[in-house]
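S.K.: Below you'll find the structure I mean.
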Amino acid sequence: MSLPSLLPWQQPNWDSLQHYISQQKIPQALLITGRKGVGKQQLAEQFSYALLCQNRQNTGFACGQCNSCLLIAAQTHPDFVTVTPDEPGKAIGIGQIRQVNSQLSLKPQYEQYRVLLIYPADQMNNASANAFLKCLEEPGERTVIILITDKPSKLLPTIKSRCQKLHIHTPSKQAVFSWLNQHNVSDNHEILYSLAQGAPFLAQQYANEQLLKIRSDCFNAWTSIAKQQSHPVLVAETWQKLPESSLLFWISSWLIDIIKCAYHANPDYLFNPDLSNTLKDLAKKLDLKRVYKLYDLLLTSRQLADTQINKLLMFEEILIEWAELNRSS
């Protein structure tokens, strides 16, 4: 079994986890948080493998060769339980948690720890979250529960209060650039870093999915609405086929940059330094009060993005408001 190497920016986090192991003070419940795309799942899995390993290395890492490690590699280890949504974007249902409760009522099959890994933990709905409290209150012997989320505010306070917490900080720009180079990402690192808000895996995903090209096309459509060259409803119809979380962030960042440009901010402090000239031109003619009002609409839309909101109507409302903002300037 070939184990992944530790991500370079996670060494301080691993030192904390390794300290738990060396002092034999493993927390019964651990909540790992951090921005999306900083490698929370990778770190949680490395810690899980170390807890399950029968021949752990001095560094705290799993050996990759013992029977437990081989079972993990084959995805058949009976004491390594993972819970994720049945479908991306769906909730973790109460049925999944009840099944876990039944598993945890039994003793671990091996002499090491049993690990329950739940991600993203914020996808538990109210019913499953309340049922999960039983796991935290009575986790069973030699059981470690690891929760992963980039939205800890969505977890019940009673869940968070029962967990030790480990936050993965966003790595430095230099660390991200170095990592992107190692993974043969040739797109503009500066723009990727800014759009991904410093998250390496998100930057890599943007490059792999050619999102810089999509962003450029969307920005051109957005500015064409401002110039009354495109109809907002027609643009919204095209946009509903694109990933709404990225689109909403891009529009939000354009509005934030317009506000910054209005106050003559240094281009280095913009989310979109490559678009600074156009954003400056927009900032000169727009009413900032109405820009703030549109930004409030964007914030509301981003909060509703994970729900069953009608994407077409959402983008129509945003783009019609954007068109009106420019028409009255």
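The values are calculated or read from the model by the stated rules, or taken from the named source; none is laboratory data. These figures come from a predicted structure and were not determined experimentally. Here the Cβ positions follow ideal geometry from the backbone for every residue, glycine too, while neighbour counts run over all protein chains shown.
S.K.: With the requirement that a residue be surrounded by fewer than 17 Cβ atoms within 10 Å (Cβ to Cβ) and over 29 Å from the mean Cα position of the chain (by Cα), what does region 42-62 give you?
M.R.: Hits for region 42-62 are Gln54, Asn55, Gln57, Asn58.
S.K.: Let me ask you something else. Identify all residues within region 173-191 that are among the acidic types (Asp, Glu) and part of a helix (DSSP H, G or I); write none if there are none.
M.R.: Glu190, the sole residue that qualifies.
S.K.: Same structure again: Step by step: first the residues of region 293-303, then only those that are exposed (fewer than 15 other Cβ atoms within 10 Å of the Cβ) and under 24 Å from Lys90 (Cβ atoms), then the one that is modelled with the lowest pLDDT. Which residue is that?
M.R.: Among residues in region 293-303 that are exposed (fewer than 15 other Cβ atoms within 10 Å of the Cβ) and under 24 Å from Lys90 (Cβ atoms), the one modelled with the lowest pLDDT is Gln303.
S.K.: Go through region 1-54 residue by residue and tally those that are outside the structural domain of Ile146 (by TED's automatic domain parsing) and of a type in the set (Lys, Arg).
M.R.: Result for region 1-54: 0.
S.K.: Working only within region 42-94, note down all residues that are closer than 25 Å to Met124 by Cα and free of Cβ contacts under 8 Å to residues at least 12 places away in the same chain.
M.R.: Gln75, Thr76, Asp86, Glu87, Pro88
S.K.: Looking at this structure, is Ser246 part of a helix (DSSP H, G or I), assigned by TED's automatic domain parsing to the domain that holds Ile318, within 19 Å of Glu321 (Cα to Cα) and modelled with pLDDT under 95?
M.R.: Considered against the rule, which asks whether it is part of a helix (DSSP H, G or I), assigned by TED's automatic domain parsing to the domain that holds Ile318, within 19 Å of Glu321 (Cα to Cα) and modelled with pLDDT under 95, Ser246 comes out as no.
S.K.: Cβ-Cβ under 8 Å, sequence separation 6+ or interchain: first residue in region 186-215 and free of Cβ contacts under 8 Å to residues at least 24 places away in the same chain and closer than 16 Å to Asp274 by Cα, partner among the charged types (D, E, K, R) and part of a helix (DSSP H, G or I). Which pairs?
M.R.: Here the result reads Tyr193/Lys173, each pair linking region 186-215 to a residue that is among the charged types (D, E, K, R) and part of a helix (DSSP H, G or I).
S.K.: Moving on. May I ask you to list the residues in region 262-282 that are farther than 13 Å from Phe219 by Cα, assigned to a helix (DSSP H, G or I) and among the aliphatic types (A, V, I, L, M)?
M.R.: Residue satisfying the conditions is Ala262 alone.
S.K.: Next question, about the same structure. Say we look at region 19-41 and pick out the residues that are assigned to a helix (DSSP H, G or I) and under 13 Å from the mean Cα position of the chain (by Cα); which of these is farthest from Lys151 (Cα to Cα)?
M.R.: Within region 19-41, the match that is farthest from Lys151 (Cα to Cα) is Gln41.
S.K.: If Lys90 satisfies all but one of (1) basic (Lys, Arg); (2) surrounded by fewer than 18 Cβ atoms within 10 Å (Cβ to Cβ); (3) modelled with pLDDT of 90 or more, what's the number of the condition it fails?
M.R.: That leaves (3) as the condition not met.
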